[in-house]
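K.L.:
This is the structure I want to talk about, given as structure tokens.
The values are calculated or read from the model by the stated rules, or taken from the named source; none is laboratory data. Here the structure is a predicted model, which is why all the values come from computation and not from measurement. Virtual Cβ from ideal backbone geometry, glycine too; neighbours counted across all protein chains shown. Ligands, DNA and RNA are stripped out before the accessible areas are found, and what is left, the full protein with its side chains, is counted by its heavy atoms. Shrake-Rupley method; radii C 1.70, N 1.55, O 1.52, S 1.80 Å.
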Amino acid sequence: MVENAIHATQAVVTLDVPIQGIVWGSIITVNMWAKSIGTGVVFLAAFLWFRHNKEDMPNLRWAMPIIAFLALNVFLLFTLIDLHQPYRMINIFLHPHWTSSITVGAWLASIFLGLISILMFIGVGEKFPGVPFKGCLLTKFGRNNGPLYEKLMPFLIFLAIPVTTYTAIIMAQSSARELWQAPTEVMQMMWAALMAGSAALIFISGEWTKEARKDLALILALSTFFSFGMYMSEYFFSFKSSEAEAVLAFVHSGGSYNIEFWIGMTLGFIIPFFIAVGNMKSDNKTLLKFAAILALVGLFLVKDVWLKIPQMLPLS
Amino acid sequence: MKLGFLVDLNLCMGCKGCEIACKVENEVPLSTWRLRVKYIDLGTFPDTRRSFTPLRCNHCESAPCERICPVSALHYLENGIVNIDSARCIGCAGCMMACPYGAIYMDPETNTADKCTYCAHRIESGMMPACVVACPVEANIFGDLEDDHSNISLYIMEHKGAVQVRKPEKHTNPHHYYVGGGNQTLNPLAHQRIEGYNLFNNITHLDHVGDKNHGILDRFLAPFVGHDTPDNVSFIESATSEESHEQEGGH
């Protein structure tokens, strides 16, 4: 028996039922990743409009809401398909329980998507009058209400903050998973939004002025640097909780997700940081796009690992 | 009235009568458990001891599952029971992520969260929970914690410092107590789960959440086309698959 091999003070489980494995998997990772893009482009657009003339980024007015709209729909779709009873999602609106961050987040994200949709109709209506077809009421509404764009933008920026961070509060409310602590997760979500937002806007920055693109590279460099720093300090120095320590000790020892984590860190944080810093001096559009792709891939991998590893711990 | 549970681990002999009674009373599906009895071996041969620990929902006073449930499917009853309304549950699994005791599961038949309710339906009719009735040594003590003369209150008073709860550092204030337990039996990090050393099987992790045959598409189609109820064969196949523990995502 196993008792021959273990230390006298050790205990070993000899009969138990199978325990749950990973409950929230890659569907939730896609959810968080897409949300980072959806809110991140709003932050970045606000920053760029504050720093530069609108003429410096001619396509930002209509492209930003389209990117945000698509990303937020991916986020909501993956939220829905992760539910075991997707049609009952309506219960969040019919029977809301306001202590739950899931409820608060669902409401805020829905309002946020509504506002982004209005911005998209305005932006597309102004730029492409015949899209999707002549006489379309939505784009006609957009064309006739151009000034609404600037009026809605401050509300959108304000709303983007809780929409970005509410997932961190869900993770904090998941009190069974000590690795996820509210202060660090909130900041990680904010850095992820800035990172994903800058990476997404790099793809549409081909016609922008060099200075505007330089700002995108600056935000990408800053967000990868600080996010990397936070992950490293959490990864190596989470001593306060025995559960977080046990999870990380397992990953450190080469257990599951160790390789995925370091690939994600290298691809998504280290390499894009150096490319972005270099790009602030020499404006290389192709290299910057390469950094953006790496940042988005790496962010997904690291978020996936961070979501799954605390779930491997037996809770009882 | 605040109902609570106390298990005297000195009396428990690991017969699993409570586990079976719970399964039968609540029609708990295969591959899921509201109450389970865990065997833990301590020491080195020949000086070894086997302990038995019944584990169920702790019905916490500050329940993280109740707090995170977005639709109030998990809710408090006036008698302190944390009850669940499976008809309202959306299956987000937030409660499974929040419960520090791993007491909540996704029912593979209804695809909604479920857990021990201290047999709330029996309590309502003036009966004791099924596990209490089934226990041959009266190791399960159940009653009103606010009544100083109830069995559970008297038992707690009698054992005072020896009464423990699981994971007190979580500040959940469980209404489920243990007498005769120790760190090695109550703290899941203090004992090992070694592959292949279980008495009757070597399955340590479930490879599915809810019904394993109910994929993402089925979740949307089920109300229109119906869905096959999982049978014993699917679970036996699951149990005999040769997938390694690492592949299942556990350690």
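K.L.:
Return the whole-Å distance between the Cα centroid of the range A:17-56 and the Cα centroid of the range A:298-313.
P.N.:
That distance is 15 Å.
K.L.:
Follow-up question, since we're still on this one. Solvent-accessible area per residue for the range A:27-312 at a 1.4 Å probe radius, Å²? Please report the intermediate quantities before stating the final value.
P.N.:
Numbers: 11670 Å² over 286 residues.
Here the residues of the range A:27-312 average 41 Å² of exposed surface.
K.L.:
Ok, one more. With r as the distance between the Cβ atoms of B:S125 and B:L221 and R0 = 35 Å, compute the FRET efficiency 1/(1 + (r/R0)^6) and round to 0.05. Before the final figure, lay out each step's value.
P.N.:
On the way: r = 39 Å, r/R0 = 1.10.
With R0 = 35 Å, the Cβ-Cβ based efficiency is 0.35.
K.L.:
Among the chymotrypsin sites (Phe, Trp or Tyr not before Pro) in the range A:94-155, which ones are in a DSSP loop with at most 13 other Cβ atoms within 10 Å of the Cβ? Mind listing them? Before the final figure, lay out the partial values.
P.N.:
Working: sites: A:W98, A:W107, A:F112, A:F121, A:F133, A:F141, A:Y149, A:F155; in loops: A:W98, A:F133.
Hits after loop and neighbour filter: A:W98, A:F133.
K.L.:
So if the hydrodynamic radius of the protein assembly as shown is defined as the Kirkwood radius over C-alpha pairs, what does Stokes-Einstein give as its diffusion coefficient at 4 °C and 1.567 mPa s, in µm² per second?
P.N.:
Values: Rh = 25.9 Å.
Here the translational diffusion coefficient equals 50 µm²/s.
K.L.:
Percent antiparallel among DSSP beta bridges with both residues in the protein assembly as shown, to the nearest 5?
P.N.:
On the way: 25 of 32 bridges.
Rounded to the nearest five, the antiparallel share is 80 percent.
K.L.:
Let me ask something else. Considering amide H positions built from the backbone, and no H for Pro or chain starts, which residues 5 or more places from A:S241, or on another chain, come under 5 Å of its amide H?
P.N.:
The answer is none.
K.L.:
Still on this structure, I have one more. Taking only Cα atoms, what is the 0 to 90° angle, nearest 10, from helix A:148-173's long axis to the longest principal axis of chain A?
P.N.:
Computed tilt is about 0 degrees.
K.L.:
Going through the cross-link list A:K54/A:K303; A:K214/A:K285; B:K2/B:K23; B:K115/B:K170; B:K115/B:K212, which pairs have a Cα-Cα distance over 22 Å in this structure? If you can, show how the numbers build up before the last one.
P.N.:
Working: A:K54/A:K303 34 Å; A:K214/A:K285 10 Å; B:K2/B:K23 25 Å; B:K115/B:K170 19 Å; B:K115/B:K212 19 Å.
From the list (A:K54/A:K303; A:K214/A:K285; B:K2/B:K23; B:K115/B:K170; B:K115/B:K212), the Cα-Cα distance tops 22 Å for A:K54/A:K303; B:K2/B:K23.
K.L.:
Which ³J(HN,Hα) values in Hz, rounded to whole numbers, follow from the phi angles of the range B:19-29 under the Karplus curve 6.51 cos²θ - 1.76 cosθ + 1.60, where θ = phi - 60° and Gly and Pro get x?
P.N.:
4, 5, 4, 5, 4, 6, 4, 9, 6, 6, x
K.L.:
List, in order, the whole-Hz ³J(HN,Hα) value for each residue of the range B:43-56 obtained from phi through the Karplus relation with A = 6.51, B = -1.76, C = 1.60 and θ = phi - 60°; use x for Gly and Pro.
P.N.:
Result, ordered by residue: x, 10, 3, x, 8, 10, 9, 10, 10, 10, 10, x, 10, 8 Hz.
K.L.:
Most mobile of B:R56, B:R219, B:R88 per a Gaussian network model of chain B (Cα springs, under 10 Å)?
P.N.:
Evaluated over chain B, the most mobile residue of the options is B:R219.
K.L.:
How far apart, in nm, are the 7 Å Cα→Cβ label points at A:H95 and B:Y155?
P.N.:
Modelled inter-label distance: 3.3 nm.
K.L.:
Can you compute the helix-only [θ] at 222 nm over chain A? Use -39500 (n - 2.57) per DSSP H run of at least 4 residues, normalise by all residues, nearest 500 deg cm²/dmol. Walk me through the intermediate numbers first.
P.N.:
Working: 12 runs with 215 residues, N = 316.
It comes out at -23000 deg cm²/dmol, rounded to the nearest 500.
K.L.:
Tell me the total accessible area that B and A bury against each other, 1.4 angstrom probe, in square angstrom rounded to 100. The partial results should precede the final answer.
P.N.:
Details: alone 14440 and 15970 Å², together 23950 Å².
Its buried surface, counting both partners, is about 6500 Å².
K.L.:
Could you tell me the distance between the Cα centroids of the range B:152-222 and the range A:87-135, to the nearest Å?
P.N.:
Comparing the Cα centres of the range B:152-222 and the range A:87-135, I get a distance of 40 Å.
K.L.:
How many nm separate the modelled label positions at A:V131 and A:I293, each set 7 Å beyond the Cα in the direction of the Cβ?
P.N.:
2.4
K.L.:
Another question, if that's okay. From the phi of every residue in the range B:120-127, what ³J(HN,Hα) in whole Hz does the Karplus formula 6.51 cos²θ - 1.76 cosθ + 1.60 yield, where θ is phi - 60° and glycine or proline is x?
P.N.:
Whole-Hz 3J(HN,Hα) from phi for the range B:120-127: 3, 5, 6, 4, 4, 8, x, 9.
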